[in-house]
1. Students often forget the sequence filter, so: which lysines lie under 17 Å Cα-Cα from Lys289 once same-chain residues fewer than 8 apart are removed?
2. Based on the Cβ-Cβ distance of Val154 and Ser360, what FRET efficiency does E = 1/(1 + (r/R0)^6) give at R0 = 25 Å, to the nearest 0.05?
3. Using the heavy atoms of the protein chains alone and a 1.4 angstrom probe, what is the accessible area of the chain per residue in square angstrom?
4. Can you work out D for the range 125-273 in µm² s⁻¹ from Stokes-Einstein, where Rh is the Kirkwood radius over C-alpha pairs, the temperature is 37 °C and the viscosity is 0.692 mPa s?
5. Taking K and R as +1 and D and E as -1, what net charge do the other residues with C-beta under 14 Å from the C-beta of Asn146 add up to?
6. Within a Cβ distance under 12 Å of His419, other residues only, what is the Lys/Arg minus Asp/Glu net charge?
7. Packing-wise, with mean Cβ within 10 Å as the measure, how do 407-415, 163-171 rank, highest first?
8. If you filter the range 222-293 for GluC sites (Glu not before Pro), then keep DSSP loop positions with at most 12 other Cβ within 10 Å, what is left?
Amino acid sequence: MTNEQWGQLKSDLQHSVGKNNYKSWIEPLELDNVSDGVATFTVPTSFMGNYISQNFGDLILYRVGLITPKVRRIHFQASQGKAEASAPARQSKPATASRASLTDGQIPAAPLDDRFTFDTFVVGKPNELAHAAAKRVAEGGPVTFNPLFLYGGVGLGKTHLMHAIAWELRQKRRDLNVVYLSAEQFMYRFVQALRDRKMMDFKEMFRSVDVLMVDDVQFIAGKDSTQEEFFHTFNALVDQNKQIVISADRAPGEIENLEDRIKSRLQCGLVVDLHPTDYELRLGILQSKSDRYSADYPGLHMSDGVLEFLAQRISTNVRVLEGALTRLYAFASLVGHEITLELAQDCLADILRASDRKISIDEIQRQVSDHYNIRLSDMIGPKRVRTFARPRQVAMFLCKQMTSRSLPEIGRRFGGRDHTTVMHGVRRIDELRQQDAQIAEDLEMLRRSLEG
Ligand code: ADP
Ligand code: MG
C-alpha cells in the first residue's frame, strides 16, 4: 500500500465513520510502513492509538486488506516515542487477523476480535436465549438446529456472540474448519471469483467448511446473484449436516428483497432475537468493562454512581455505551483526574445529548391509548369512567416522568385539565404501581416501547 492509496482510503473512511470521528481520529493517521503483513500507522499519542484500534481497527484492517491482502494486522504507534506507545496491554492489542491456518490466502475468513469471547459477554434477560444458543453451537457437538439465526438491532452483541463461538470452537475443536465472515465479504469474494474465473475454487472452498458463520446477512438482500450463490452454499452445507450461524438486523421474514425460498430456509433452524438492553444489563456490561479498565489504569478512581448514571442515560446500543466508557477512562487518565459524575457529564455531553431522545406528550398519549385499546379522543376527552380515567392517569404519569413538561402544560394537553388534576393522577399511579403488579408491568412496558 502506498501513501497515496492510504490517503485515498483514508478519505473514503469518512463516509463510514462520519465527519466528526473522521476529523478526530482518522485524519491524523499517517501510514508509516507495511512489513511482514503488518501495517503500522503513526498517531500523535498512544491514547489515540488505543482508541482508534478499539473503535475503528477492524474497519481499517478490512479496508486495507481489500487493497493489500497480505496485511493481516494493523498497528498504531505513538509518535511521542516508545514509552508512550506501550499503553495498557488490553487496548493496545492490534486488531488481529484470524489464525494463519485459516487465512493462508484460501478461506476468506474475517479477522476475529480477541475481546469478543464468552468470558467478556455479559448475560441478561434480553440476550440469555441468544447466549445459550451460541454456547450450544460452540460446544461443537452434533448439530441440533440449523441454522442458528441471530437477529437484533445494531450494537446488541450479534457479532460478539459469533466471534465467541469461533474462538471457543477453535480451542475445543481444532479439527473443525470454522469460518466467520460478513455477508459483504462473502459477496466481495464471490464477485472476485467470478471476475477471476475461479468459481470452482470458490465453491470448493466454501463446501469444505465445517462451521460457517455469516454476519449481517441483510446485506445481500437485493443482490441477486450473491443471494443465489449464498443459497447454494447454504444448502450444500446443511445437506452435509454442517453448522451454520447467521446474523441479521431483523427477522428472516422481515428482510425485504430476499427471496422467499431463502427466507424459509433461514427460518428452518433456531431463530433467536437479541432484545434491546435493559438497565440491569447495561449496568452489568459497564461494570464488567470498567473492572477491566481499572486493571489497565491502576490508580484511576471512579466515584460511586457514575456507572449507574451512564446505564440510565445511555440506552441506545452497547457500542455507544462502551465508547462512552472508553472515552471517560482515556480522558480521565489524560488529565489525571478521578472519574466523577461532573467529569462524565462534561466529557460525554455530545453522547448524552444524542441519547436524550425527546419523547413528546403526543407520543405518550398515542402509545397509552393503543396499549389500553381506547380512542385517543376518549383519553383526552371529559369522560370520567374508570376505563378512560385510568389510562389517562397512566399517560399523565408518564408525561411527568419522561418529558420535561410542567404540570399545567400537561393539563392543557389533556383537554385543558387543571394542574391539580394532573398532580392527583400522577400521585395515584405512583401509589398504584407499588401495590398493583399489573400497573407496574404496564408502566414498564410502555416506558420501554417509548424509549425504544
Ligand atoms: P452487533 O453485531 O449486534 O451490531 P456487536 O456484537 O458488534 O453488535 O456489539 C457491539 C459492542 O457491544 C461490542 O464491542 C460488544 O463487545 C459489546 N457488547 C454487546 N453486547 C454485549 C454483552 N452482552 N456483553 C458485553 N459486551 C457486549
Ligand atoms: Mg455486527
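1. Filter leaves Lys93.
2. Values: r = 24 Å, r/R0 = 0.96.
With a Förster radius of 25 Å, E is 0.55.
3. On the way: 22370 Å² over 452 residues.
Spelled out: the 1.4 Å probe surface of the chain, per residue, equals 49 Å².
4. Numbers: Rh = 15.4 Å.
Using the Kirkwood radius from Cα pairs, D works out to 214 µm²/s.
5. Working: positive: Arg136, Lys242, Arg265; negative: Asp210, Asp239.
With Lys, Arg at +1 and Asp, Glu at -1, the net is +1.
6. Numbers: positive: Lys400, Arg405, Arg412, Arg413, Arg417; negative: Glu409, Asp418.
Charge balance in the 12 Å sphere: +3.
7. Numbers: 407-415: 18.0, 163-171: 21.8.
The peptides rank, most packed first, as 163-171, 407-415.
8. Glu256
The values are calculated or read from the model by the stated rules, or taken from the named source; none is laboratory data. Fair warning: this is a prediction, and the values are worked out from it, not measured in the lab. Cβ coordinates were reconstructed from backbone atoms using ideal geometry, including for glycine residues, and neighbour counts include every protein chain displayed. Just the protein is used for accessible areas: all its heavy atoms, side chains included, with ligands, DNA and RNA removed. Shrake-Rupley method; radii C 1.70, N 1.55, O 1.52, S 1.80 Å.
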